[in-house]
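Taking it in order: structure first as structure tokens, then the write-up.
The values are calculated or read from the model by the stated rules, or taken from the named source; none is laboratory data. In this text the structure is predicted, and so the values were computed from the model without any measurement. A quick note on method: Cβ atoms are made from the backbone with ideal geometry, for glycine too, and the neighbour counts reach across all protein chains shown.
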């Protein structure tokens, strides 16, 4: 009976400790976006008609990580975001939310009252957990001597001029190795539709990607067979 009471009190203390903390400290980031000053939006004469909520990345949700990403892009005369102009301007913390933010930015729509192309539009996507305390308590323990590789940059591939002129859309999947330093090597296209149209720019984009390397026993190791898909879509 006494041991059961002690176990119960220990569980209550652990729950209170986790609930009262500012968040998991991860790669120098702690706390929620409310404790980190995200830059303001800069829509430059555009009225936001649709700003879809980005999908919360599973890894960030599991670890209880919150943050924000600022993206920059160009909006055409009809108020549509031009996909291949989307770029990451700033983010906190790095490596968790950039892909989700880019996908959400592609789906945004504006009322373009200027009736002309507007460049360098900047918009912030925030990622906040609805029930953070519960996730922190129930999340699996993170082994400090192991960390999976994390994306440290998001690269938007070039759109080949001939493909744009002929209104060709498509995708390419690139397989590569992430080195101990987080660089990319041995990039090859393993799937493409249509074939050979986007292969060269896909490999160039993959080689520009950077990662935080996988850690095993606290040491960085190379990871082979990583794949990444790039898409090319014309504005509607």
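A few notes on this one:
- Any hit, the range 105-117, residues being crowded, with 22+ Cβ neighbours inside 10 Å and free of Cβ contacts under 8 Å to residues at least 40 places away in the same chain: yes
- Criterion: at pLDDT below 50 and buried (at least 16 other Cβ atoms within 10 Å of the Cβ) - qualifying residue of 23, 67, 95: 23
- Unmet criterion (only one of (1) surrounded by fewer than 17 Cβ atoms within 10 Å (Cβ to Cβ); (2) modelled with pLDDT of 85 or more; (3) more than 24 Å from the chain's Cα centre (by Cα)) for residue 46: (1)
- Any hit, the range 197-210, residues being modelled with pLDDT under 90, under 30 Å from residue 43 (Cα atoms) and under 19 Å from the mean Cα position of the chain (by Cα): no
- Residue check, residue 58 modelled with pLDDT of 90 or more, exposed (fewer than 14 other Cβ atoms within 10 Å of the Cβ) and out of contact with any helix residue (DSSP H, G or I) (no Cβ under 7 Å at 6 or more places or on another chain): no
- Those residues of the range 97-128 which are over 18 Å from residue 39 (Cβ atoms) and touching a helix residue (DSSP H, G or I) at 6+ places or on another chain (Cβ under 6 Å), in sequence order: 106
- Residue tally, condition within 19 Å of residue 182 (Cβ to Cβ) and in a helix (DSSP H, G or I), over the range 74-110: 2
- When 215, 234 are checked against the criterion of being farther than 26 Å from residue 106 by Cβ and at pLDDT below 90, a single residue qualifies: 215.
- Lone unmet requirement of (1) within 23 Å of residue 104 (Cβ to Cβ); (2) at pLDDT below 95 for residue 159: (2)
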